[in-house]
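Single-structure report; data block below.
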Amino acid sequence: MHTILPIAHQVALNDKNTFGVVANAAAYLKVTDIALLQAVRLDPLWSAMPRLVLGGGSNILLTRDFAGLVLHMQNGGIEVVGEDATAVHVRAAAGESWHGLVLWTLAQGYAGLENLSLIPGSVGAAPIQNIGAYGVEVRELINEVRMFDFSTGEMTTLDNVACEFAYRDSVFKHRLRDQAVIVDVTFSLPKAWLANTRYADVAQELAARAITQPSARQISDAVIAIRSRKLPDPAVIGNAGSFFKNPLVDAAQRDDLLGKFPQLVSYVQPDGRYKLAAGWLIDQCGWKGKSLGAAGVYEKQALVLVNRGGAHGADIVALAQAISADVSGRFGVALEAEPVFI
Ligand code: EPU
């Protein structure tokens, strides 16, 4: 049987990626119902096309026009699916807005996601790069991820371990990259909640507000204030958050760098390695606030690259390469991009 799919042709993606870079998709389908995924898979024409699964478009860099089919996840729904002695389990559809989910949980009185307030993007994208901020990574709250498997046509559930989470990384960026379409995510929100205010920015913001025993809502408000001050609003200035990961180096390399650069910002990791603040490295190379063509480095945070207007993906790539070369030349450290390049 041939299904008529409501596929649009030659669709501009400029307003569907938070960088706002100029790019077109050859074909585009709004996935409001996951049955559409099976219909695409069973269609001889569309199943043979390259696919790009798009959520909020906040962690991709479109380097060129996409000569395939964009599957734009727009399914909705948030519900409590269970509860036990230790946690409330909340399932959210991939197409829901991430920050919308955070606010929904807080409004119900469920704590746990507050440090991850105001992160742009969709629920379905959150596990892919294991979003993290202010001392929390989403892996700590994810119970399971359901995906449609394009190779088998089956719905598959991955538990937390199967997601192979790491710093800004998961199995969805690697082995399952071309095969999985995340359909929904189930979170376990702890009943015995403890405020996480270890991150200096959060502690300072709460102190400035004279809050000593913060509620989850108050932490969320503090995080929203910090992010709004430091990071550009993608609705105003195109960007994809941190453009580079904070690089991990061993203790010997960190000690060597610290000897040469006493101001170096680094954080010890559980395995004894150190995470270096890439924003500091880039800042030291003098890139903060600078531009190369239509691509620029944000004035208040050197880790964030921005679209100064009309940039193509290639402009952002050229700037990223120039920055990486400088950081590597000065510090001997290789930077790795955080967004997925398409
Ligand atoms: N710094 C500078 N100059 C700059 C930027 C930063 O010297 O231009 C220094 C700061 O002074 C600070 C250190 O670098 O000592 C770290 O900066 P910040 O606290 O702003 O955090 P970050 O390491 O730059 C990471 C995440 C962010 C997350 C924040 C808060 C990565 C790649 N980025 O940034 O995540 O919001 O911590 O937890 O891990 C994202 O992934 O898109 C993102 C925004």
Candidates T18, T152, T32, ranked by Gaussian network fluctuation over the chain, Cα under 10 Å, top entry: T152
Estimated FRET transfer efficiency (V340, R217; beta-carbon r; R0 25 Å; 0.05): 0.15
Residue of R177, R41, R330 that the Gaussian network model of the chain assigns the largest fluctuation, springs spanning Cα pairs under 10 Å: R330
Cα-centred dipole magnitude for segment 1-104, charges only on beta-carbon of K, R (+1) and D, E (-1), debye, nearest 20: 380 debye
Accessible surface, segment 238-341, averaged per residue in Å² (probe 1.4 Å): 44 Å²
Accessible surface of F165 - all protein chains present, 1.4 Å probe, nearest 10 Å²: 20 Å²
Aspartates and glutamates with Cα under 20 Å of K300, excluding same-chain neighbours fewer than 8 positions away: D201, E205, D233, D283, D326, E338
Additional length obtainable on full extension of the chain from A200 to M49, 0.36 nm per residue less Cα span: 49.6 nm
Added length on full extension, which subtracts the Cα-Cα distance from 0.36 nm per residue, A208 to D256: 13.6 nm
The chain, dipole about Cα centre (Lys/Arg Cβ +1, Asp/Glu Cβ -1), debye to the nearest 20: 780 debye
Largest-first ordering by accessible area, 1.4 Å probe, given options C285, C163: C285, C163
Charge dipole of the chain about the Cα centre (unit charges at C-beta), most positive-ward option of A252, H89, H174: A252
Sum of -39500 (n - 2.57) over DSSP H runs of 4+, divided by residues of the chain (222 nm, nearest 500): -7000 deg cm²/dmol
Pair D84, D178: separation of 7 Å Cα→Cβ label points (nm): 3.8 nm
Positive dipole terminus of the chain, leading residue within A23, I78, P214 (C-beta point charges): A23
Phi to ³J(HN,Hα) by Karplus 6.51 cos²θ - 1.76 cosθ + 1.60 over segment 27-40, Hz, x for Gly, Pro: 9, 8, 10, 7, 9, 8, 9, 5, 4, 5, 5, 5, 5, 5
Assigned charges on the beta-carbon of Lys, Arg, Asp, Glu; segment 201-342 dipole about Cα centre (debye): 280 debye
Within the accessible area of segment 78-190 (1.4 Å probe), percent carbon and sulfur: 48 percent
Mean Cβ neighbour count within 10 Å, used as a protection proxy, ranking 291-301, 248-258 highest first: 291-301, 248-258
Hypothetical label at W104: residues of segment 187-225 whose amide nitrogen lies under 15 Å (7 Å Cα-Cβ projection): 187-189
The chain, relative contact order in percent, only Cα pairs under 8 angstrom and at least six apart counted: 17 percent
GNM result for the chain, Cα springs below 10 Å: residue of A314, A107, A26 fluctuating most strongly: A107
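The values are calculated or read from the model by the stated rules, or taken from the named source; none is laboratory data. Note that the coordinates shown come from a computational prediction; the quantities given were computed from them, not determined experimentally. FYI the Cβ positions are ideal-geometry reconstructions off the backbone, even for glycines, and counts take in every protein chain you see. The protein model used for the area step is the full one, side chains on, heavy atoms only, and it has no ligands, DNA or RNA in it. Shrake-Rupley method; radii C 1.70, N 1.55, O 1.52, S 1.80 Å.
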